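Accompanying notes for the structure given below.
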Amino acid sequence: MALSKNAKLVILAAIPLITFILPAPEGLSLIAWRLLGVYIATIVGLVIKPYGEPVILLAAIAVSGAIIGNTEGAKELVKVGNMLDGYKSGTTWLIFTAFTLSSAFVITGLGKRIAYHMIGAMGSTTLRLGYVTMFLDLLLSPATPSNTARAGGIIFPIINSVAVALGSDPENSPKKAGRYLMMNLYMVVKTTSYIFLTAMAPNALALSLMAPILGFETTWIKWFLAASVPGLICLFLIPAVCYFVSKPELKHVDNKEIARKGLEELGPMSFREKALTLLFVIALFGWIFADALHVNATIVAIIVMVLCIILNIVSWDDILKSKGAWNTLVWYGGIIGMSGLLEKAGFFKWLATTLSNMLQFEGHGIMALVVILTLSVAVRYLFASGGAYVAAMVPVFATVGHVAGAPTELLALGIVFANAYGGSVTHYGGGPGPIAFGAGYNDIKSWWIAGAIIGFGSLLIHLTIGIAWWELLMGLGWL
């Protein structure tokens, strides 16, 4: 039975109340203990959702401010203004401004045009259509930090219309093509989401949450180098795996006719599409050569956003209407700020000390790494929100791995990449899931079988080829 909104609110109020009633554990400051109660309530709120994420985070910030002002000794460790530090983070603004490029691909129709050209060039069989989806998503992913918007706003409408054009109906003939195409769409999106730092908003969030614990930082190009080999191997295998699990009845496709009709509807390429193509290249160039250009990734994204407005590719009103961008700005900035409060209050230091006394991984850092990354994928069966998973589990896994002696760089990369591919195990593991699964073509059994193969198969590739690749990059001084 689903909980009512009032029941959810009672649960959320009870969690911080407990930390007020019970004394702080030995060695943990009172303010850290009380803020921990608010943080846990926030994570639970992100899962059970009595309100949207921004409302929950704004409420958490407000309660945290009241707690800091009314807890003895709190101001020696944290200040009320620290609650808003997440909104000063370049990470938050990088993701927000990158949403402009994402919305521009939808508004101008450039995403659809690229897709139809790819279908015409490559999609002569159903399996090849799976690879068209893969290449399209890979191409768009660097500039679309919302994989939900990328999948739902650009790729899904095209692939769904292709399935219909092939005579695949959710009710009468789902196996003809639609079942395979929708399953493949989701699995592909969950993998492209970690190949680029800007391909999924929780990537940057995970980095920010781990920074005070592991001291690990990276750049856009270093992220891509680390993700490239294991990520591209996984990505190229996915259409074949989905084809094996849910083999379509239709094998050959009249791709030329589908592409012709699609491009005919779009008409000739507009100035805005041409300008967006150029800005997309500029953004990639800026992110890749940020160090040489003496600008960071956030500044590059802001420059591109401003140019999009000046060149009338998108208007400021379009940006104001981008609910995903503003929601992300509010709640990601809030969760980063909440995590920063706990760090300043000494919670993560206390947690590391406590766990180091409990865990016995001394001399077995790689074993600890394997166990943590395996758990990070397995636990995704319990989460219906990638953002909630990152906020709840990334600091915990990072702390446990750190005190267990797992190699810092390998641990950090393993965790941030598993954030994305781990969500492939279920049809509710990320925003694109309900979109693709909701089309009605798929059954849960085949979806979960494919998800388990891809999720844990990706884990195996990252623990073998991935680790070898990361160690090579570190040896060359490129990571």
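The values are calculated or read from the model by the stated rules, or taken from the named source; none is laboratory data. Keep in mind that what you see is a predicted model, and the values were worked out from it rather than measured. Backbone-built Cβ (ideal geometry, glycine too); neighbour counts: all protein chains shown. Ligands, DNA and RNA are stripped out before the accessible areas are found, and what is left, the full protein with its side chains, is counted by its heavy atoms. Shrake-Rupley method; radii C 1.70, N 1.55, O 1.52, S 1.80 Å.
Using Cα pairs under 8 angstrom and six or more residues apart, how large is the relative contact order of the range 52-203, in percent?
On the way: 141 pairs, mean separation 33.0, N = 152.
22 percent.
At what distance in angstrom do the alpha carbon centres of the range 62-127 and the range 5-54 lie from each other?
First find each Cα centre; the distance between them is then 24 Å.
Rank T91, P170, A41 by how far each Cα sits towards the positive end of the charge dipole of the chain (+1 on Lys, Arg Cβ; -1 on Asp, Glu Cβ) and give me just the farthest.
The listed residue farthest towards the positive side: P170.
Do any GluC sites (Glu not before Pro) in the range 19-98 lie in a loop, going by DSSP, with at most 14 other beta-carbon atoms within 10 Å of their beta carbon, and if so which? Mind showing how you got there, number by number?
On the way: sites: E26, E72, E76; in loops: E26, E72.
Those satisfying the criteria are E26, E72.
To the nearest 20 Debye, how big is the dipole of the range 182-338 about its Cα centre, given +1 on the beta carbon of each Lys and Arg and -1 on that of each Asp and Glu?
Details: 11 positive and 10 negative charges, 43 e Å.
Here the size comes out at about 200 debye.
For the residue pair F244 and I444, what label-to-label distance in nm results when each label sits 7 Å from Cα along the Cα-to-beta-carbon direction?
2.5
Mind checking the per residue accessible area of the chain for me, 1.4 Å probe, whole number of Å²?
Values: 19480 Å² over 479 residues.
Value returned for the chain: 41 Å² of accessible area per residue.
If the limit is 31 Å between Cα atoms, which of K176/K222; K222/K274; K176/K261; K256/K323; K256/K445 go over it? Display every interim value, and only then the final one.
On the way: K176/K222 42 Å; K222/K274 29 Å; K176/K261 21 Å; K256/K323 36 Å; K256/K445 34 Å.
Those over the limit are K176/K222; K256/K323; K256/K445.
With a/c under 1.5 counting as rounded, go ahead and sort the range 82-218 into rounded, prolate or oblate using the C-alpha gyration tensor (a ≥ b ≥ c being the square roots of the eigenvalues; past the cut-off, prolate if a/b is larger than b/c, else oblate).
On the way: a/c = 2.71, a/b = 2.26, b/c = 1.20.
Since a/c reaches 1.5 and a/b is larger than b/c, the shape of the range 82-218 is classed as prolate.
Tell me the chymotrypsin sites (Phe, Trp or Tyr not before Pro) within the range 235-312 that lie in a loop according to DSSP and have at most 14 other beta-carbon atoms within 10 Å. Can you show the working numbers first?
Details: sites: F236, Y243, F244, F271, F280, F285, W287, F289; in loops: F289.
Here the chymotrypsin sites (Phe, Trp or Tyr not before Pro) that fit, given the DSSP loop and packing criteria, are F289.
At 1.4 Å probe size, with the rest of the protein present, what percent of the exposed accessible area of the range 302-449 is carbon and sulfur atoms? Don't jump to the answer; show the numbers that get you there.
Details: 3740 of 5620 Å².
Roughly 67 percent of what the probe reaches on the range 302-449 is carbon or sulfur.
State to the nearest 20 debye the size of the charge dipole of the chain about its Cα centre, where the only charges are +1 on K and R beta carbons and -1 on D and E beta carbons.
Details: 29 positive and 23 negative charges, 156 e Å.
So the dipole magnitude of the chain works out to roughly 760 debye.
For the range 44-93, state which trypsin sites (Lys or Arg not before Pro) are in a DSSP loop and have at most 16 other beta carbons lying within 10 Å of their beta carbon. Don't skip to the end; give the middle numbers.
On the way: sites: K75, K79, K88; in loops: K79.
Sparse-neighbourhood loop trypsin sites (Lys or Arg not before Pro): K79.
Need one word for the range 238-376: rounded, prolate or oblate. Basis is the Cα gyration tensor (sqrt eigenvalues a ≥ b ≥ c); a/c below 1.5 gives rounded, then a/b vs b/c decides. Please list the in-between numbers first.
Working: a/c = 2.60, a/b = 1.42, b/c = 1.83.
Note, shape of the range 238-376 comes out oblate.
Helix 365-378 versus the longest principal axis of the chain: what is the Cα-based angle in degrees, 0 to 90, to the nearest 10?
60
For the peptides 127-133, 300-306, what is the packing order when you average, over each peptide's residues, the other Cβ atoms within 10 Å and list the highest mean first? Each step should come with its number before you reach the end.
Details: 127-133: 24.3, 300-306: 20.7.
Taking the mean over residues of other Cβ atoms within 10 Å, the ranking is 127-133, 300-306.
Roll a 1.4 angstrom probe over the protein heavy atoms and tell me the percent of accessible area of the range 162-273 that is carbon or sulfur. Walk me through the numbers before you get to the answer.
On the way: 2570 of 4360 Å².
Of all accessible area on the range 162-273, carbon and sulfur atoms account for 59 percent.
Rounding to the nearest 10 and keeping the result within 0 to 90°, find how far the Cα-based axis of helix 408-421 lies from the longest principal axis of the chain.
With both axes taken from Cα atoms, the answer is about 50 degrees.
What number, in percent, do you get for the relative contact order of the chain if the mean sequence gap of Cα pairs under 8 Å and at least 6 apart is divided by its residue count?
Values: 736 pairs, mean separation 112.1, N = 479.
Reported relative contact order: 23 percent.
Below 8 Å, C-alpha to C-alpha, sequence gap of six or more: please give me the relative contact order for the range 20-80 in percent. The partial results should precede the final answer.
Working: 37 pairs, mean separation 20.6, N = 61.
It rounds to 34 percent for the range 20-80.
Quick one: helix 323-344 against the long Cα principal axis of the chain, what's the angle to the nearest 10°, folded into 0 to 90?
Roughly 30 degrees between the two axes.
What residues have an amide H closer than 5 Å to that of T125, excluding those fewer than 5 places away on the same chain, when H is modeled at 1.01 Å from N in the peptide plane?
Those lying under 5 Å, H to H, from T125 are V253.
Using a Förster radius of 51 Å, what is the FRET efficiency between E26 and F236 based on their Cβ-Cβ separation? Nearest 0.05, please. Display every interim value, and only then the final one.
Working: r = 52 Å, r/R0 = 1.02.
After rounding to 0.05, the efficiency reads 0.45.
Any chance you could check the Cα centroid distance between the range 167-181 and the range 236-265 for me, in angstrom?
Each part reduced to its Cα centre gives a spacing of 12 Å.
Counting every Cα pair in the chain, what percent are over 34 Å apart?
On the way: 41364 of 114481 pairs.
Looking at the chain, the distances longer than 34 Å represent 36 percent of pairs.
What does the C-alpha gyration tensor say about the overall shape of the range 320-435? Classify as rounded when a/c is under 1.5, otherwise prolate if a/b is larger than b/c, or oblate.
Cα axes put the range 320-435 in the oblate bin.
Ignoring ligands, DNA and RNA, what percent of the accessible area of the range 46-104 is carbon or sulfur (1.4 Å)? Provide the component values of the computation, followed by the final result.
Details: 1610 of 2610 Å².
Here carbon and sulfur together make up 62 percent of the probe-accessible area.
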